[in-house]
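Below: the structure, in structure tokens.
The values are calculated or read from the model by the stated rules, or taken from the named source; none is laboratory data. What you see is a predicted model; the values in this text were computed from it and never measured. We place every Cβ from the backbone using ideal geometry, glycine too, and count neighbours over all the protein chains shown. For the accessible areas, the whole protein counts, side chains as well, though only heavy atoms, and no ligand, DNA or RNA atoms are used. Shrake-Rupley method; radii C 1.70, N 1.55, O 1.52, S 1.80 Å.
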Amino acid sequence: MKKLLILLIPIFSFAQKSKPVSLFNGKDLSGWEIFGTEKWYVEKKNLVCESGPDKGYGYLATTQKFKDFELTLMFKPLANGNSGVFFHYDVVGTKVSGWQAEVAPPGSFSGGIYESYKRGWLIKPPKEIDNVKMNEWNTMKIKVVGTEVTTWVNGKQMIYLNDPAIGEVDGKIALQIHDGGGIRVEWKKIKIAKL
């Protein structure tokens, strides 16, 4: 009598990470759109955002949408430096929908997640882990997979958030300049990998 040998091989599903691509070419604003009257320009291969005469909110958004991704960038907060990185973003005029990873001076919850015009702050990192350096280059990583968001600043995890609403939509990536005037932030090495 022959014996039938059955091998059970587990099948695993792995999230594939694409090769990171640069969203900013260091020369001009190709691939981006400006919303609002605040200033966005390139200086010494860095992207600069500055308050304009209206002292209002301003956004620089990608022309492409992203669902699941890992975004890395460097930012330098100067002259107040209140800004942010939006994801799953859409805009009418300067009224936005989407989620923002905060970019701000030390002690102002950089890496926390804020939902504009809806629920407000969803999660703030503890102040004691804040490690943003004013007038210096800082790194940020934002990972969005399904309903989950994780952020890191200067290599330290700031928050983990599981929010079903995030998984329901996709949208653009956008950099923000806060209203109030007197703000300047520089950016570079903005790269994204689709997951």
Here segment 165-182 yields Karplus 3J(HN,Hα) values (6.51, -1.76, 1.60; θ = phi - 60°; whole Hz; Gly and Pro given as x) of 4, 5, x, 8, 9, 10, x, 8, 8, 9, 9, 10, 10, 6, 6, x, x, x
Starting at 0 and stepping by 10 Å, how many percent of the alpha carbon pairs of segment 12-94 end up in each bin? 14, 45, 31, 8, 2, 0
Here the FRET efficiency for Met74 versus Thr37, based on Cβ atoms and R0 = 22 Å and rounded to 0.05, is 0.30
Mind giving me the nanometre distance, one decimal, between the label points for Asp170 and Tyr117, set 7 Å out from Cα along Cα→Cβ? 2.2
Proximal lysines to Lys45, defined as alpha-carbon separation beneath 19 angstrom and excluding residues fewer than eight positions away on the same chain: Lys27, Lys76, Lys188, Lys189, Lys191
Please list, in order along segment 86-93, the HN-Hα scalar couplings obtained from phi with the Karplus expression 6.51 cos²θ - 1.76 cosθ + 1.60 (θ = phi - 60°), rounded to whole Hz, x for Gly and Pro. 8, 9, 6, 9, 9, 8, 10, x
Mean separation of Cα pairs under 8 Å and 6+ residues apart, divided by the residue count of segment 25-177: what relative contact order is that in percent? 26
Charge tally for neighbours of Asn25 with beta carbon under 12 Å away, counting Lys, Arg as +1 and Asp, Glu as -1, is +4
Residue-normalised value, i.e. accessible area per residue, for the chain at 1.4 Å probe, in Å², stands at 53
Could you work out the local net charge near Ile34, counting Lys and Arg as +1, Asp and Glu as -1, over the other residues with Cβ closer than 14 Å to its Cβ? -3
How would you order 119-130, 75-86 from highest to lowest mean count of nearby Cβ atoms within 10 Å? 75-86, 119-130
Quick one: pull the percent of accessible area on segment 45-195 belonging to carbon and sulfur, 1.4 Å probe, ligands and nucleic acids left out. 48
Among the aspartates and glutamates, which fall within straight-line cross-link reach of Lys65, defined as a Cα-Cα distance under 15 Å, with same-chain neighbours fewer than 8 residues apart omitted? Glu33, Asp90, Glu168, Asp170
Using a/c under 1.5 as the rounded threshold, could you call segment 93-195 rounded, prolate or oblate? The axes a ≥ b ≥ c are square roots of the C-alpha gyration tensor eigenvalues, and prolate needs a/b larger than b/c, oblate otherwise. rounded
In 5 Å bins starting at 0, how do the alpha-carbon pair distances of the chain split up by percent? 1, 8, 16, 20, 21, 15, 7, 2, 2, 2, 1, 1, 1, 1, 1, 0, 0, 0
Simple spin-label estimate for Asn135 and Glu148 in nanometres, 7 Å along Cα-Cβ: 4.0
Go through Trp121, Ile183, Trp137 and say which Cα lies farthest out towards the positive end of the charge dipole of the chain; charges sit on Cβ, +1 for Lys and Arg, -1 for Asp and Glu. Trp137
Quick one: if the Förster radius is 25 Å, what FRET efficiency do Leu29 and Tyr160 give, using the C-beta to C-beta distance and rounding to 0.05? 0.15
